[in-house]
Protein chains: 4
Amino acid sequence: MAADEPREPTAVTDDGLRLSSTSRTEAFSDGVLAIAITLLVLDLHADVSAQGSLLQTLLRQWESYLAYFTSFLTIGIIWLNHHAFFERLRATDRALQWANLSLLLFVSFLPFPTAVLAAHVGDPGLNGRVAAALYGLAGTLMTLPWVFLWRHLARAPHLFRPPFDAAFARREAPRAWIGVFAYLVCAGLGFVSPYLAAFLYLAIGVFYALTSQGWSSLPGRRRRPAPDQA
Amino acid sequence: MAADEPREPTAVTDDGLRLSSTSRTEAFSDGVLAIAITLLVLDLHADVSAQGSLLQTLLRQWESYLAYFTSFLTIGIIWLNHHAFFERLRATDRALQWANLSLLLFVSFLPFPTAVLAAHVGDPGLNGRVAAALYGLAGTLMTLPWVFLWRHLARAPHLFRPPFDAAFARREAPRAWIGVFAYLVCAGLGFVSPYLAAFLYLAIGVFYALTSQGWSSLPGRRRRPAPDQA
Amino acid sequence: MAADEPREPTAVTDDGLRLSSTSRTEAFSDGVLAIAITLLVLDLHADVSAQGSLLQTLLRQWESYLAYFTSFLTIGIIWLNHHAFFERLRATDRALQWANLSLLLFVSFLPFPTAVLAAHVGDPGLNGRVAAALYGLAGTLMTLPWVFLWRHLARAPHLFRPPFDAAFARREAPRAWIGVFAYLVCAGLGFVSPYLAAFLYLAIGVFYALTSQGWSSLPGRRRRPAPDQA
Amino acid sequence: MAADEPREPTAVTDDGLRLSSTSRTEAFSDGVLAIAITLLVLDLHADVSAQGSLLQTLLRQWESYLAYFTSFLTIGIIWLNHHAFFERLRATDRALQWANLSLLLFVSFLPFPTAVLAAHVGDPGLNGRVAAALYGLAGTLMTLPWVFLWRHLARAPHLFRPPFDAAFARREAPRAWIGVFAYLVCAGLGFVSPYLAAFLYLAIGVFYALTSQGWSSLPGRRRRPAPDQA
């Protein structure tokens with residue numbers, strides 16, 4: 001790329017709105033998501049220096065592996081969704097930048113409730129319940145920015161690459177709402193059974209894995225010539 | 001890109017100054033900023049293994065969440081500013097590279113005063129005041145490179161993409177000075193009330209969030225056809 | 001790149017399969033691999049604060065350096081393989097994305113068995129054997145996605161750039177199987193001698209280093225005009 | 001970039017040598033360097049939870065700030081050198097890839113001797129001397145790959161972009177040798193005075209900062225129309 005050549009031009013819409021190309025936003029988001037997903041392993045280290053049988057220590061902390069795998073899958077899916085989401089955009093505006101930053105905030109935060117869940121899900125009494133509920137609350141916060149992103153695109157469809165449009169954004173929004181409510185319900189169930197909630201967080205990950213490129217990728221909906229097939 | 005094709009050419013000005021294209025500098029800076037922002041979560045882990053009520057432990061460390069959120073917002077804004085800054089450049093020179101490295105130095109350092117603030121802002125006596133002042137000092141150091149960057153561009157406007165020019169650099173410089181003085185004042189206020197200072201650091205973040213694309217993005221200034229609107 | 005210009009277009013094959021360009025997948029994978037390889041150093045810090053002779057402390061933890069170097073070499077090679085692998089692709093599909101994510105999952109996990117190996121390989125009794133076997137198990141899991149990747153490409157050769165084809169994928173697959181079995185055998189040998197297994201993990205790294213661009217890079221096979229020479 | 005379009009083509013020289021474009025190598029190296037430079041801050045956290053006066057604790061660990069700043073400057077300079085180095089290349093080969101990986105190995109390792117230096121440089125007796133010597137040894141290992149890189153380019157000048165050539169590589173090689181010997185001498189001086197060595201490591205960083213774009217950037221040599229001025 002020649003140093004004098006224009007790069008990442010910004011466009012101005014009729015109402016003076018400032019638009020930016022998406023490439024550096026994607027690079028920064030990729031960085032944050034990649035680091036958050038890789039930092040998860042640091043919480044597996046804590047108990048290794050304990051005395052006694054290493055095998056028992058390794059087996060006893062199975063909740064740590066479950067929490068590690070759940071959060072890895074969850075962040076991995078968020079990355080896939082993020083990737084598919086930005087592939088459909090031709091530009092970003094300020095509202096979208098802030099929604100993206102708040103998504104990154106809550107994803108970066110996830111290693112903390114993951115560590116709390118791993119350390120306390122098996123605790124008797126209130127502690128296990130609090131740990132399970134905290135993870136669900138973090139999941140809710142992590143899903144809310146998607147609701148905002150889709151709603152914003154329904155009102156600002158000029159940010160889409162054709163053929164994606166406001167109708168497409170309205171069709172995708174419910175998937176984000178489902179996540180918000182699923183995490184809230186599980187956070188509540190965590191007060192009944194922390195272990196049940198922990199496994200349901202994994203199940204939410206699997207659900208999103210199956211729909212990571214939009215509704216249309218669910219079995220039986222693949223043939224419809226919707227815009228997301230183009 | 002063909003392996004034989006020229007890539008990232010460097011230009012030489014009449015006085016033999018060496019210019020580099022900005023892309024790899026942006027990639028490295030994105031990496032450092034993304035890592036610094038994501039490492040902040042590691043300081044939330046410390047107190048989780050404490051005995052007793054998990055709920056009380058989680059609620060008691062609210063200063064940690066405040067410090068985490070403040071520093072996340074601050075680094076996020078620096079990234080937005082950095083992004084907007086480099087979008088206006090067509091090349092870098094050595095002075096700009098070193099100013100950028102010193103910016104990255106102080107941003108990378110921020111997790112340390114953040115951890116100190118979180119752990120000690122509530123301490124009675126001198127400790128809380130020192131923790132609050134340290135954060136303000138770190139904020140001052142983190143803002144100084146921006147003063148240098150804008151002053152340098154005022155004298156080296158050939159690094160800008162048109163239509164940005166020396167006059168634009170001179171108009172933007174005060175925003176950096178405001179940050180320097182705001183952090184210094186808050187560091188001083190930290191000796192009066194550590195908690196007041198902690199909340200003011202958050203307020204500084206909010207101020208910069210509202211002006212992250214330059215002065216012109218403040219309400220009421222949006223219509224002026226300044227270069228940063230192009 | 002103009003904001004209105006199509007970017008990273010996706011292609012649709014006759015059966016409606018969705019293909020994505022590989023660039024952002026490579027960027028995310030590079031991020032995860034770069035972080036995992038750099039986090040390894042954090043486990044060298046643990047014992048430094050010990051009392052007594054620093055020189056003895058540094059020398060006594062030679063297993064930590066061995067484990068560090070082995071895992072650094074292993075992840076470095078996986079990066080080289082990953083790089084060479086994606087250079088041969090023109091697109092990804094969903095199966096390939098998930099195989100890649102599972103590869104990243106097990107690579108991100110590697111710092112944990114590395115730390116366990118470093119801390120316990122010299123333990124008498126069962127602990128040393130468990131530590132050695134755990135590393136081999138992690139290595140096996142880390143190699144399995146490659147088996148899947150080559151098998152998938154043998155059935156989906158349209159993802160290759162020419163001249164790479166299904167026959168090429170079938171020729172490369174055994175190299176992944178060798179890794180799976182080598183790590184399994186070493187995990188078993190770890191129950192006989194933990195130190196032997198630790199050195200064999202290093203030897204596996206060296207073997208892959210010598211073949212990191214495919215079979216053809218082994219001495220004596222370089223002149224054959226196979227597709228991987230193009 | 002169209003999914004069908006050739007990307008990052010590899011060239012084959014007359015003797016069948018495989019060449020790769022440099023872009024993904026640069027991306028991975030940028031990632032490792034950015035992470036290593038940002039992880040340095042984690043070692044500043046250790047002593048903060050100590051009892052007593054926070055101000056005294058902060059002031060007492062001035063060696064930590066010195067070590068942090070020295071290593072940050074050193075890695076920052078390596079990044080600048082790495083950037084300038086790869087800007088002059090049109091392709092990489094396997095020897096260059098391995099030399100680059102060994103450079104990344106020793107840079108990733110640097111946070112460990114940095115932590116040891118910070119914690120022990122002030123220790124009486126042998127411990128302080130060992131800590132100082134260890135840092136110098138790490139510096140030596142970190143500089144050796146540059147010797148190899150320049151020697152390799154002197155023999156493989158086809159990897160250069162014109163007008164850089166074998167003669168240029170031979171002119172740059174001594175700068176790497178100077179680093180090797182400077183770190184070795186300082187490691188030796190560390191046995192006389194650990195503090196002297198610690199400040200000399202900083203001085204080495206400053207020396208490389210002044211010559212980070214090649215010899216010609218030293219004052220008084222700027223006007224010579226050498227290839228690195230083009």
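A few remarks follow.
- FRET E, pair residue A:23, residue D:196, Förster distance 60 Å, beta-carbon r, rounded to 0.05: 0.80
- Other-copy label distances relative to residue B:95, 7 angstrom Cα-Cβ extension, nm: 4.2, 4.2, 5.9
- Residues listed by number, segment B:89-129, amide nitrogen under 12 Å from residue B:137 label point at 7 Å toward C-beta: B:113
- Label-zone membership for segment A:114-155, site residue A:185, 7 angstrom Cα→C-beta point, backbone N under 17 Å: A:133, A:136-137, A:139-141, A:143-144
- Relative contact order of segment B:49-190, taken over Cα pairs closer than 8 Å and 6 or more residues apart, is 26 percent.
- For segment D:156-195: rounded, prolate or oblate by the Cα gyration tensor [a/c cutoff 1.5]: prolate
- Inter-copy separations for residue A:69, label at 7 Å along Cα-Cβ, nm, ascending: 3.5, 3.5, 4.9
Read-outs: derived from the displayed coordinates by stated rules, not from any lab. These numbers were taken from a predicted model, which means no experiment stands behind them. A quick note on method: Cβ atoms are made from the backbone with ideal geometry, for glycine too, and the neighbour counts reach across all protein chains shown.
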